[in-house]
Structure formats: structure tokens, C-alpha cells
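Chemist: Below is one structure. I have some questions about it.
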Amino acid sequence: MATTEKRSHESSANAEFRRVDRTVQIYNATEHLRSDILNYISSRLEEFSSEIKQTADNVLKEPVISPMDLAAIHKIESEAVIPSNSQNTDPNKKPPSVFPLKIFRMRQSILTDLLEVSHIKSIRQIFIAILVIVFLQVAITDLFELGTIDFRFDVIRWNFSNVSACLRLWLYLFASTCIIVYNSFHIWAYKRLLLIPISSSSSSDVSEKPKNKPASLLIFDWFWLVVYCCYIALFLYFPVYYILAENYPIVTRIFILMEQVRFLMKSHAFVRENAPRAILYGRISSKEITIEDTTNDKPNDSINNQKAFPHPHTPCPEFSKFLYFLFAPTLIYRDSYPRTSSVRWKYVITQLTQFIGAAFFGYYLFYRFCLPVFRHFKSEHVTVKKFVLSILNCTLPGALLLFCAFYGFLHCWLNAFAEMLRFADRQFYSDWWTANSWSSYYRTWNIVVHDWLYTYVYRDCHKLLGVKYRLVSMYTVIFLSACVHEYILALAFGYFYPILFLQFAVLGFISMLILPQRTQNNAFNVFIWTSLFVGLGMQMCLYSIEWYARQNCPRTLNGPLDYFVPRSLFCHDLNDTDIQFSATNNHLDL
């Protein structure tokens, strides 16, 4: 009986996705037909206008309208333009929304649809075959040369040597987000209602003579804003202090730092979406405005109707909605999301298994093809030739690691959690592999993070600075993203070496300004792929050189400067005695 119910649930879920797929296919076909018809009509209109122009140049030698009639026509046109301009300047009429809202709807990931095609599915089998061939090649080589297979898991054991302490620190982060953020916002949203005076005038009178906020309400709001900023500062400080004091390994550091950033982004999304809700609820409860006024202020566009709250029936949402948002694979807060009818646990197990396989594939590539290149840095002289060859040797493993990170995390991990939470919108990425510009790549590589940056950084900066400083808003998004990436890498590795920051925030932004934003030239797609591969090779090479320089080279600067100055730039060749002495001081020879 349970098996029959499970199959019925799976069939119903599959039926929902098939229905959505048919809708998407019909929509895409309609869009293609519409674009073809428009292109045909525009081409015919251009031909017709060119023929009319040519005929007019050949036939019309003299004006057929007298100057007096022409002046009368201009007068009539100017009088007709004035009412339209006056309508546009009507204060009661609001312009259409410039920034579209994030719309959640039931849809699968692109790879989920593509892997249903046997031709695309074979690409995944090719990567599996590459993993098998690489494993056999290294294993057979070690067997013939060393007499044994040298595939050790010491690096994995070292990185996960403090799993219990890592989970305990994560529970602290989770508990502080649940308790402090939600309860603080709940207190602010309800207590500020007591400070709002009840308005006795109608909404029309209020619109004519707007009243300023009471001083007590302003002080109350600013006080809680300062509390919120202090909480963010403390939330950034204590986990970093703890992982540095306890000397966490690299992987557990990355895990804690990524969760720290994720919780901060979730908290800001919750506060940013619900603060206007609480303010609007206060205005309605004080009879400053009515619910009909908020309904009339809504745009007519149905796409923009999906908001965090349709009507502010309460100043703060329930805790269950906040708790679901903390685990949902999205960074945009909504009171509700589209949900599937059931959980396909077989699909969850499959995605988690593939995630583990991608993680082991990445570890195997890094352990066998990257670590041996830089393990003995400065034990022998490093020339420019060896440095360039090291970058080229890291290019192919770096590209494979990129695919492993994308498929393992953005596809398998997020789809597994989405299925367990019955989260129906699975668009975690788009077709970034077809990007012809860096701006398109940034928008489609990680849609989960891009939506947060667009909604809470770019849009707010654009509203504060205006259209004139659109470039500043764009660079603010890129700069913040680059800083967060460099923040995680610097604290994870234990040194500041801003290679990723320079590639992301400097070279990437310059490329966005120079290269065309919208083009169909495939040469630019080749340029994007080449830049990705070379950039990943440089990152792996330079970060690994700096890591082993700090393992094998003596300290040249004392104090905090040693953390920010690359030691590989001032490291000289050491003799064998110095190398053996430095190796004995290391906890693990990677």
C-alpha cells in the first residue's frame, strides 16, 4: 500500500512538471513565432519605406504644402502635445515599475530537462568515463613505479578532523539568526505601533498635508537600526575569531564562512522585505491611509503582483515562514513559494550521491594534479618558464573543478534540498555556458546570489543614486561580490592574496565595459571560456604557490603585515636543512 501511494505521489509530481514543461514549450514556440512574424513585418516595412523614399526623391521636386499650411500643422501638433505632457506630469499617475520583481513559479533546472535528452545525457557519461580513466592511469602508474597505489585520504581526514566543533559553531549561528533576528524584528514591528499617533483626518487630507513622524518614533526606529548594524558586526566577528583561535582546517573554515554569509544574506532579505510591511501596517492602523489606498497604488502589471505580502494583515510574519526561508534554496524572502505535492526521496538520494561523487572527483583532481606541482615550492629555483608551465598545467584541472563545483553544488545540492522542502522553483542557474559577455555570465552563473544582489543592492543603490549613476550601482554589485569571495578565501587560507578580487572586480568590470553586452557572435563565447580556463589556472597556481611559500619559507615581516604581504614574493631559495626544519614545524605536509 505504501509503495502504491509513493508511486502515485511520484506520478503526480512528474505530471505537474510535465504540465509545466508543456506550458513552457508552448510559450517558447509562441515567442519564436511572434519574433519571426515581427522580423518579417519589419523587413517588409523597411523595403516599403525605402521604395517610398526613392519614389519621393525622384518625383517630389517641389513642396506640395505651402508655408502657411505647414505653420498651421505645427501649431495643431504643438497643441496636441501639451495635454499628453500634462497627463504625464499628473502626480496621481505613477510611472510603471522600472525594476521587475522576482517571480517564483514551478519550473525545473535546465540540466534536469537537458539530461532527459539522450544526446545531452551522454555528456555526463563522458565525464564519468574521464574520472575512471584518470583513476586507472594514476593507479597503474603508481603500481608500476612504486609497487603500490598511492591514493591517500589524509587531506580529507585533516579537513574534517573537527566536524563536531564545526557543527556546534553552525548551531550557534543558526540559533542566533532564529532567536535574535526574528525576535528583534518582532519586537520592533509591534512596539512601534504604540508610538504611532491615531490620525483623525481622512486619507485625502493626509495626502494634502503630510505629517512628520513623532520624535519618539524616529528615535525608536534609529535605535533599532543601530542595533541591527551592531548585530551584523558581531555576527561577522565572533565566528571569524573562533575559527582562527581554534585553527580550523580549510574545508571547515570555508563551510562556516559560507554559512555565515548565507545567514547574513537571509537576515537582510527578511528585514528588507518586511520593514516596509511593518511601516505600512502602522500607517493603516493609525488610520493615516486605508487598505483601499494600498490596493489602488498597486501596479496593473500582473507579473509584479507577487510580493512578500499581498495585504499587511500583520506587521511581522509567522516564525514558521521565517524558518522555512532559512532552509529554502533562495535568498529572496516571500511569505509563500510554489510547492510540489510530494517529495521524491529516490530523486533526493540520487542528487546527494552525485554531489558526493562530484566532491570526490574534485578532490582527486586537486590531490593528484595540483598538489604535486607546488608541494616543494622554493626547494628548487622557480623560473618564469616553470611558472608559466605551472599555470598551463593547472588550466585543465581547474576547468574540471569548475564543472564539479557547478554540477555538484548548484545542481545536485540545491535540487536535493529543493526536493526535500518541496520548493518548486528550481531555476538556480541559467544557460551560462552560452554567455557571450561577462555581464551575461555573471547574471546566469548563480541566479540565487544574483537575485539577492539585484534586489537588495543594485535596485536600492539605483533608487538612492538615480539613473545618472547607473554605472556606480553596477560596480557596487561587482565590488561587493568580489569582496565577499575574497573574504572567504583570505580567512580560509590564512593569508590575503587578492587574485580573485583583481580578476573579478577589476579585469571583469573592464571587460564588461569594453566588450559588447548583447551580441550573437560565437567568438565572444570562445573568449569567455578561454578567460575562465586561464583565470582558474592562474588562481590555482598563485594561491598554491603562496600556500606552500608560507609552509616552506621563513617569515620576513612580523605582526599583521605578514598576513597581507605575499610571502612568495620575498621568499629565497632554502637549503635542504632549512626545508627539513620547516617541514617538521608543519602539522601536515600537503
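Chemist: Amide H of Asp425 versus every other amide H placed in the peptide plane: which residues, excluding those fewer than 5 positions away on the same chain, fall under 5 Å?
Modeler: Arg107
Chemist: Between Glu246 and Gln520, what is the label-point separation in nm under the 7 Å Cα-to-beta-carbon projection?
Modeler: About 5.6 nm separates the two model spin labels.
Chemist: How high is the FRET efficiency from Leu236 to Ser122, r the C-beta distance, R0 56 Å, rounded to 0.05?
Modeler: So the FRET efficiency works out to roughly 0.75.
Chemist: Note down the accessible area of Thr141, probe 1.4 Å, to the nearest 10 Å².
Modeler: Rounded to the nearest 10, that gives 50 Å².
Chemist: For Asp460, project a label point 7 Å along Cα to C-beta. Then give me every residue of the stretch 474-509 with its amide nitrogen under 17 Å of that point.
Modeler: Residues 474-484 fall inside that zone.
Chemist: Let me ask you something else. Between Ile187 and Phe360, with labels modelled 7 Å along Cα→Cβ, what's the label distance in nm to one decimal, could you check?
Modeler: 5.0 nm
Chemist: Say the cut-off is 32 Å between C-alpha atoms; which of Lys266/Lys468; Lys191/Lys321; Lys191/Lys468; Lys266/Lys463; Lys191/Lys463; Lys121/Lys386 go over it?
Modeler: Lys191/Lys468; Lys121/Lys386
Chemist: Extending each Cα 7 Å along its Cβ direction at Glu318 and Thr112, get the distance between those two points in nm, one decimal.
Modeler: It is 2.6 nm.
Chemist: While we're on this one: Considering only protein heavy atoms, what is the solvent-accessible area of Cys229 at a probe of 1.4 Å, reported in Å² to the nearest 10?
Modeler: So the heavy atoms of Cys229 present about 70 Å² to solvent.
Chemist: Follow-up question, since we're still on this one. Using a 1.4 Å probe and counting only protein heavy atoms, arrange Met512, Met420, Met258, Met474 so the residue with the most accessible area comes first.
Modeler: So, going from the largest accessible area down, we get Met258, Met420, Met474, Met512.
Chemist: Give me the extension gain from Leu146 to Cys178: residue separation times 0.36 nm, minus the current Cα-Cα distance, reported in nm with one decimal.
Modeler: The Leu146-Cys178 span can extend by a further 6.1 nm.
Chemist: At a probe size of 1.4 Å, how large is the accessible area of Leu331, to the nearest 10 Å²?
Modeler: 10 Å²
Chemist: Could you calculate the FRET efficiency of Ser285 with Leu471 from 1/(1 + (r/R0)^6), where r is the beta carbon distance between them and R0 is 41 Å, rounded to 0.05?
Modeler: 0.50
Chemist: Okay, moving on. Where does the stretch 382-458 land on the Kirkwood hydrodynamic radius, alpha-carbon pairs, in angstrom?
Modeler: The answer is 14.8 Å.
The values are calculated or read from the model by the stated rules, or taken from the named source; none is laboratory data. Predicted, not measured: the structure shown is a model, and the values here were computed from it. With ideal geometry, Cβ positions are generated from the backbone for all residues, glycine too; neighbour counts draw on all protein chains shown. Surface accessibility is based on the protein's heavy atoms, side chains included, excluding ligands, DNA and RNA. Shrake-Rupley method; radii C 1.70, N 1.55, O 1.52, S 1.80 Å.
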